[in-house]
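What follows is a set of notes on a single structure, which appears directly below.
Readers should treat all values here as calculations from the given coordinates under stated rules, not as data from a laboratory. These figures come from a predicted structure and were not determined experimentally. Glycine gets a Cβ as well: all are built from the backbone with ideal geometry, and neighbour counts include every protein chain shown.
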Amino acid sequence: MEPSFANIPSIVISAIRGGGGKTIVSLGLLRALTNRGINIASFKKGPDYIDAAWLGFAAKTDCYNLDPFLMTEEIIRRSFLFHSTGKHLAIIEGNRGLFDGMDVEGSCSTAVLSRLIGAKIILVVDCTKSTRTVSALVLGCQKFEKKTNISGVILNQIAGKRHKRIVTEAIKKYTGLPVLGAIPRLKRDPLPMRHLGLTPAFEFKEIEKALEELSKIAEDHLDIEEIIKLAGASLNLEVKYHGPETLFEGKRDEFSGINVGIIKDKAFQFYYPENIESLRFLGAKTLFLDSLNDKRIPDVHAIYIGGGFPETQAEALSKNREFKKELIKKIEMGLPVYAECGGLMYLGRYLFWQGKRFEMVGAIPFDFQMEKRPVGHGYTILEFTKDSPFFRAGTSLKGHEFHYSRPIPVDEKAMDLLCCHVKRGYGFNGKMDGISTKGIFGTYSHCHSLGQRNWAKCFLKAANKFRKISLS
């Protein structure tokens with residue numbers, strides 16, 4: 001019998017709304033606990049790369065995503081259990097507001113996730129220019145969905161001692177909940193921001209300085225001992241081990257001997273850890289490539305190019321002609337290439353950004369124009385209308401998109417290469433997504449291997465087919 005998931009010491013950091021302070025609290029708490037020698041499992045609710053990477057750096061370990069839209073309830077529980085095994089406690093950062101989901105019923109919300117894994121909720125509340133009304137907001141959240149276990153409150157944007165006292169007393173009187181901390185108004189934002197939000201952790205040189213600053217904020221203004229108690233932390237926690245066989249589809253080492261090149265650098269950094277783990281579980285050897293500095297591509301049987309910010313590295317990408325030439329050469333040989341969002345843009349002819357034109361790989365007949373507002377943002381569902389190098393016609397693919405780029409076909413035939421009907425989302429033009437040509441499949445949708453459990457197997461089947469052809 002599986003252990004009760006409520007027995008895993010865990011807390012969800014949520015808020016009334018997005019931008020309410022939960023990321024600052026989550027990062028500060030993770031780093032403070034890690035500095036104390038407490039072994040933490042970190043998770044991010046939803047299809048997030050940037051916050052998840054920061055959370056991973058804060059806890060000094062990979063952060064994993066839990067997503068009720070992309071994953072089944074059973075897979076969420078298995079992933080949570082597997083990645084929490086051996087840890088002292090788990091911290092999950094929610095997304096947006098606590099009850100915000102995909103519809104008026106709040107499906108796939110942070111509250112739904114907290115109930116799936118039995119985690120207690122700490123609500124972060126922005127108290128700007130408000131006192132007693134804060135308790136009404138908290139009380140409303142308490143009663144909105146009765147099975148939601150809100151167990152404590154952290155105040156944010158506190159103006160001074162009097163402000164803190166009145167809000168704290170009001171919350172205790174009207175809700176009965178403990179106030180577990182009060183973060184004052186900060187003179188400056190300790191987190192670096194830019195055009196798509198938080199600056200990616202891999203690009204920020206002073207990340208350790210920022211995390212230690214956040215740790216000090218947590219130590220100075222949060223009741224960390226009470227938060228640990230609230231989570232039900234136990235250093236001698238014993239749970240039944242669930243191996244990767246419960247997560248990934250296929251047989252262990254089924255594709256031994258396959259080499260997969262993964263382009264991971266400052267331009268391309270958006271990879272779910274589970275995607276790479278699933279490839280390795282099936283036996284593939286993963287080799288990390290640097291499109292900014294590498295001049296050669298080693299002997300690989302497939303290449304995976306994730307999302308990222310090719311626009312911020314466009315000049316360096318454009319200048320590394322040796323790497324682009326190598327990639328084109330291998331594509332012409334039929335090498336399978338799976339490209340998501342930023343990776344898709346890299347395969348195009350030109351990238352236009354801030355009034356400049358940058359030459360990319362030129363493997364697909366599209367240019368990409370960076371816009372000032374998001375072109376596509378949200379969950380996606382694609383249906384393959386014809387075969388691609390990785391998926392057969394009729395396959396349904398769930399994912400998530402967030403892109404500011406607009407594809408511009410080079411000629412009239414370019415759109416004929418699109419192989420997916422967009423059932424949900426935007427893709428290339430609101431109707432179609434997924435370009436399929438030679439061994440390439442490029443899409444705006446980011447796929448999670450625990451949601452699309454055949455993803456790794458389909459990827460490696462294409463790689464294995466190429467290997468057999470190259471050996472013949």
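What to note about this one:
- Entries of LYS413/LYS438; LYS187/LYS264; LYS266/LYS372; LYS319/LYS356; LYS324/LYS356; LYS329/LYS431 with Cα pairs more than 24 Å apart: LYS187/LYS264; LYS329/LYS431
- Cβ charges +1 (Lys, Arg) and -1 (Asp, Glu), total dipole of the range 43-193, debye: 1020
- Cα gyration tensor category, rounded, prolate or oblate, for the range 8-70 with a/c compared to 1.5: prolate
- Between ARG357 and GLU371, the distance separating the two model label sites (each 7 Å from Cα on the Cα→Cβ line) works out to 2.2 nm.
- When +1 charges are put on Lys and Arg Cβ atoms and -1 charges on Asp and Glu Cβ atoms, the dipole computed for the range 248-471 relative to its Cα centre reaches about 280 debye.
- Whole-Hz Karplus values for the range 382-387 come out as 10, 10, 6, 8, 8, 5 Hz, taken residue by residue from phi with 6.51 cos²θ - 1.76 cosθ + 1.60 and θ = phi - 60°; glycine and proline positions read x.
- Length added when fully stretched, THR395-ARG36, from 0.36 nm per residue minus Cα-Cα: 124.5 nm
- Share of pairwise Cα separations in the range 248-471, more than 25 Å, in percent: 33
- Span-like helix ranges in the chain, DSSP H, alpha carbon extent 20 angstrom or more, Kyte mean at least 1.6: none
- Tensor-based shape of the range 302-418 (alpha-carbon gyration tensor, a/c under 1.5 rounded, otherwise prolate or oblate): oblate
- Tensor-based shape of the range 378-467 (alpha-carbon gyration tensor, a/c under 1.5 rounded, otherwise prolate or oblate): oblate
- Cα point-scatterer Debye curve for the range 9-231, base-10 log of I(q)/I(0) at q = 0.11, 0.18 Å⁻¹: -0.49, -1.40
- Residue-averaged [θ]222 nm for the chain, counting only DSSP H segments that reach four residues, each worth -39500 (n - 2.57): -9500 deg cm²/dmol
- Other residues lying with their Cβ under 15 Å from the Cβ of GLU219 contribute a combined charge of -3, Lys and Arg counting +1, Asp and Glu -1.
- Based on the convex hull around the alpha carbon atoms, the range 394-440 presents an average projected area of 3.9 nm².
- Note on the chain: Rg/Rh from Cα positions, Kirkwood definition for Rh, rounded to two decimals, is 0.99.
- Ranking ALA201, ALA284, PRO298 by how far each Cα lies toward the positive end of the dipole of the range 189-340 (charges on Cβ) leaves PRO298 at the top.
- Our estimate of slack between LYS319 and LYS465, defined as 0.36 nm per intervening residue step minus the Cα-Cα distance, is 49.3 nm.
- Euclidean distance of C-alpha centroids, the range 264-298 and the range 121-148, integer Å: 43
- Other residues whose C-beta falls under 14 angstrom from the C-beta of ALA59 contribute a net charge of 0, scoring Lys and Arg +1 and Asp and Glu -1.
- Pairs over the 23 Å Cα-Cα cut-off, from the set LYS87/LYS209; LYS251/LYS295; LYS44/LYS386; LYS22/LYS44: LYS87/LYS209; LYS251/LYS295; LYS44/LYS386.
- Charge sum, other residues only, whose C-beta stays under 13 Å from ILE328's C-beta, Lys/Arg counted +1 and Asp/Glu -1: +3
- Inter-part distance where the range 28-55 and the range 410-463 are each reduced to a Cα centre, Å: 31
- Debye intensity ratio I(q)/I(0), log10, the range 48-97, q values 0.20, 0.27 Å⁻¹ (C-alpha model): -0.76, -1.22
- Cα lying deepest toward the dipole's positive end in the chain, options ALA393, TRP455, VAL167, charges on Cβ: VAL167
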